[in-house]
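**Student:** There's a structure below that I have some questions on.
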Amino acid sequence: MTHSDVNTYTASSPILVGPILRRIAPGELTIWCLSTVPLQFAIGLTAEGETLLDRPVETDECWHMPLGNRAHAYLLHVKPETELPTAVRIDYDLKIAQPQGRWRSIADWGADLLYPGEALPGFVIQPQLTSMLHGSCRKPHHDSLDGLARADDWLAERLQQPEDWPAVLMMSGDQLYADDVAGPLLQAAHQLGDKLQLWDEQLEGGGADSGAELRASPHCYYERELLLPKDQLSQNVRDKFFSGVRKPIFTSDSAHNHLITFAEVIASYCLVWSPRAWEGLNLRPLQLSDAHQARYDKEAEAIAVFRQQLPAVRRVMAHLPTYMIFDDHDVTDDWNLSAAWEMSAYGHPFSRQIIGNTLIGYLICQGAGNAPDRIRKHLREYLDNWLHSQDHADHEKLISELFAFQRWDYLIPVEPGVLVLDTRTRRWRAERNLASPSGLMDWEALTELQQQLLERKAVIIVSPAPVFGVKLIEAIQKLFTTFGQPLMVDAENWMAHPGAANVMLNIFRHTRTPEHFVILSGDVHYSFVYDIEIRFRKGSPKIWQITSSGLKNEFPKGLLKLFDRVNRWMYAPSSPLNWFTKRRLMKVSPRKPEGAPEGCRLVNNAGIGLVRFAEDGEPVEVWQLGADGKDVRFDMSDEEEHWG
């Protein structure tokens, strides 16, 4: 990056990404951002004409993470001396220190963050979970519009009604497609990495020894599978367990541009969250084969549309408390799907480092803001050591610590409680057949979950994968698993592992667990709502499975229509097939999408989910807000139509 480029960034604003509001409660305020120069901050908070806070951010309230010579991530975690009010709009001013003791207001450096008529951005701390927005699966080069931009439109229409603002914006997985990257986005990541002078690293055991050498490889774009390690141990494991399915790392048909280096991961986060990250980039033609060039050109068209909506994405994340949890694509496809997958992926230093780099990116850009006190207590020392030393040994120590860390789950501070599950790193491995799918949570994690639920009246659970999914699709996944090919169909559902399935279903049946369960999920690239009851039990808890996916992704349309209709035919209430499922003691009633054709229960339209709750935690309205402006409401379920 030239000095003139640096000056251009800094003159308009040194903040390249964010601010993104993260964990917010009456006693804490968390903001994440990334700047091109080191900064000092002050926070000003006002509500209804009263100043609530106006002071510099203290050193122990500011976690500074230098990611390169011109890239600095900040997690500001401020605990006000007096608790902040609830149910009212609070304006905030994130101020940047200037020479001679002056401060530069966000109204100056971040005017594009403001909605029309706003003097400052704001947020609302809702005392009760009256509504929340949720979604997952945001792939930049998918040819749909962006559900996060639809959330921005929705909030703009309610700017003067703070009581209508959702308490939470929940992003329930696949915020970053590390394993499915468009050529233009990867090219932009390299240019941005150069501008920010992001740290390079030593690569061990692969087809390149450093990020710079990787960039110089003729296989850098669309052919990264050719850089995979070829040692005998890794190959033997892959041959034994994957039987020709080219796994585990960036080798599927959609993963030829899999992110590899830490610099690529950080630059990609910048590019998917901020329009400013794209400024000054020159996506000049690459030297590609005809087939790859055709793919690049098609992806470039989708990326151009994606970029146009980024200002709206940046604005809504600066106004709503935003929470995140990983799913597989944030790291790599089929992440920890089976014990065999883990043996292959973690058994070689190169694939281990690739997975580790995406986890470091998750820690910095997503995980730290969910539960700041816990993350800083357990992981800050290891991250800071590597960021300041850039030593390969410290890099490996950090990766090892991240692989061992088991506290990515968290509780969102709002009533009723919102429990966000980690369904990726504490898996219940199949011991008899290592190639069988692992349970999404192991026995110990599920036991801890049950303890958190005891005596609660209501709870909202965020599970990236639906607990109650489409039976036909689960049956197809089971069939492929039976023939030893779970990777062919991503056989990752709660019912795929008998132990995890039975424990989870028993949690719902426990007499001391909540009266109301709401399960919010994503992952599957279509949306649906099920009302669920326990058969043969008086006073059964009410359970709702609400799935919204994707933010910017969709299921193949013709195939989903077929699955939808065949599923209703094969698993009708009278069908004996219901007795072969693990949830046969549950009555599952699908809600009909408003205006949907007869027989359709699944919505296949990119967007974001909206759920409104009653005081007792019951969902009273469920919508899929279409990224294209076509919103769909799910009607109350027809009690005459249910599946076992």
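The values are calculated or read from the model by the stated rules, or taken from the named source; none is laboratory data. Being a predicted model, the structure only gives us computed values, none of them experimental. FYI the Cβ positions are ideal-geometry reconstructions off the backbone, even for glycines, and counts take in every protein chain you see. Remember, those area values only see protein heavy atoms, side chains included, never the ligands or the DNA or RNA. Shrake-Rupley method; radii C 1.70, N 1.55, O 1.52, S 1.80 Å.
**Student:** For residues that are under 19 Å from P26 (Cα atoms) and open to solvent by 40 Å² or more (accessible area, probe 1.4 Å), scanning just region 61-85, find the one that is nearest to the chain's Cα centre (by Cα).
**Tutor:** Among residues in region 61-85 that are under 19 Å from P26 (Cα atoms) and open to solvent by 40 Å² or more (accessible area, probe 1.4 Å), the one nearest to the chain's Cα centre (by Cα) is K79.
**Student:** Return the pair list, or none, for Cβ contacts closer than 6 Å from residues in region 150-177 that are within 14 Å of R314 (Cα to Cα) to residues that are outside any helix (DSSP H, G or I) and open to solvent by 10 Å² or more (accessible area, probe 1.4 Å), at least 6 apart or on different chains.
**Tutor:** From region 150-177, the pairs are R150/A627.
Residue by residue, here is whether (1) of a type in the set (D, E); (2) more than 27 Å from L359 (Cα to Cα) holds:
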{"position": "D146", "(1), (2)": "yes, no"}
{"position": "W154", "(1), (2)": "no, yes"}
{"position": "Q161", "(1), (2)": "no, yes"}
{"position": "L176", "(1), (2)": "no, no"}
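**Student:** Would you call A445 modelled with pLDDT under 85 and small (G, A, S)?
**Tutor:** For A445, the condition - modelled with pLDDT under 85 and small (G, A, S) - is not met.
**Student:** Let me ask you something else. Just give me the residues in region 139-155 being open to solvent by less than 10 Å² (accessible area, probe 1.4 Å) and either of a type in the set (A, V, I, L, M) or touching a Ser or Thr at 6+ places or on another chain (Cβ under 7 Å) (or both), in sequence order.
**Tutor:** Hits for region 139-155 are L148, A149, A151, L155.
**Student:** Would you kindly identify the strands (runs of 3 or more DSSP E) lying entirely within region 33-130 that contain at least 1 residues that are touching a residue at least 60 places away in the same chain (Cβ under 8 Å), touching a strand residue (DSSP E or B) at 6+ places or on another chain (Cβ under 6 Å) and of a type in the set (K, R)?
**Tutor:** Hits in region 33-130: 89-97.
**Student:** Before we move on, is E515 acidic (D, E), out of contact with any Asp or Glu (no Cβ under 7 Å at 6 or more places or on another chain), at pLDDT below 90 and over 20 Å from F326 (Cα atoms)? I'd like the intermediate steps shown before the answer.
**Tutor:** Details: acidic (D, E): yes; out of contact with any Asp or Glu (no Cβ under 7 Å at 6 or more places or on another chain): yes; at pLDDT below 90: yes; over 20 Å from F326 (Cα atoms): yes.
Considered against the rule, which asks whether it is acidic (D, E), out of contact with any Asp or Glu (no Cβ under 7 Å at 6 or more places or on another chain), at pLDDT below 90 and over 20 Å from F326 (Cα atoms), E515 comes out as yes.
**Student:** Among the residues of region 19-30, which ones are more than 18 Å from P166 (Cα to Cα) and touching a strand residue (DSSP E or B) at 6+ places or on another chain (Cβ under 6 Å)?
**Tutor:** Correct list: P19 only.
**Student:** In region 156-259, which helices (runs of 4 or more DSSP H) lie fully inside it and hold 3 or more residues that are more than 29 Å from V420 (Cα to Cα), open to solvent by 30 Å² or more (accessible area, probe 1.4 Å) and modelled with pLDDT under 95? So that I can check it myself, show each step before the final result.
**Tutor:** Details: elements: 183-196, 211-216, 232-242.
Those helices (runs of 4 or more DSSP H) span 211-216, 232-242.
**Student:** Using the structure shown, decide if L449 is surrounded by 23 or more Cβ atoms within 10 Å (Cβ to Cβ) and at negative phi.
**Tutor:** Considered against the rule, which asks whether it is surrounded by 23 or more Cβ atoms within 10 Å (Cβ to Cβ) and at negative phi, L449 comes out as no.
**Student:** Same structure again: If V467 passes every condition in (1) at pLDDT 70 or above; (2) surrounded by 21 or more Cβ atoms within 10 Å (Cβ to Cβ); (3) in contact with a Ser or Thr (Cβ under 9 Å, 6 or more places away or on another chain); (4) assigned to a helix (DSSP H, G or I) but one, which one does it miss?
**Tutor:** (4)
**Student:** Which members of region 22-45 meet the condition of being in contact with a Phe, Trp or Tyr (Cβ under 8 Å, 6 or more places away or on another chain) and surrounded by fewer than 20 Cβ atoms within 10 Å (Cβ to Cβ)?
**Tutor:** Matches in region 22-45: L39, A42, G44.
**Student:** Here is a further query. Tell me, yes or no, whether region 2-13 has at least one residue that is of a type in the set (D, E) and at pLDDT 95 or above.
**Tutor:** No, the conditions are met nowhere in region 2-13.
**Student:** Hey, P127 hits all of (1) open to solvent by 10 Å² or more (accessible area, probe 1.4 Å); (2) at pLDDT 95 or above but one; which does it fall short on?
**Tutor:** (2)
**Student:** Turning to a different aspect of this structure: Here is a list of conditions, (1) touching a His at 6+ places or on another chain (Cβ under 9 Å); (2) closer than 19 Å to Y269 by Cα; (3) at pLDDT 95 or above, and E401 meets all of them except one; can you say which number that is?
**Tutor:** Going through the list (1) touching a His at 6+ places or on another chain (Cβ under 9 Å); (2) closer than 19 Å to Y269 by Cα; (3) at pLDDT 95 or above, E401 breaks only (2).
**Student:** Okay, moving on. Suppose we filter region 100-119 for residues that are within 14 Å of M317 (Cα to Cα) and either touching a His at 6+ places or on another chain (Cβ under 6 Å) or open to solvent by less than 60 Å² (accessible area, probe 1.4 Å) (or both); how many remain?
**Tutor:** Initial filter on region 100-119 (within 14 Å of M317 (Cα to Cα)): 110, 112-115.
Applying the additional criterion that residues be either touching a His at 6+ places or on another chain (Cβ under 6 Å) or open to solvent by less than 60 Å² (accessible area, probe 1.4 Å) (or both) yields 110, 113-115.
The qualifying residues number 4.
**Student:** Can you say whether S540 is at pLDDT below 90, touching a strand residue (DSSP E or B) at 6+ places or on another chain (Cβ under 7 Å) and of a type in the set (G, A, S), as far as the supplied structure shows?
**Tutor:** yes
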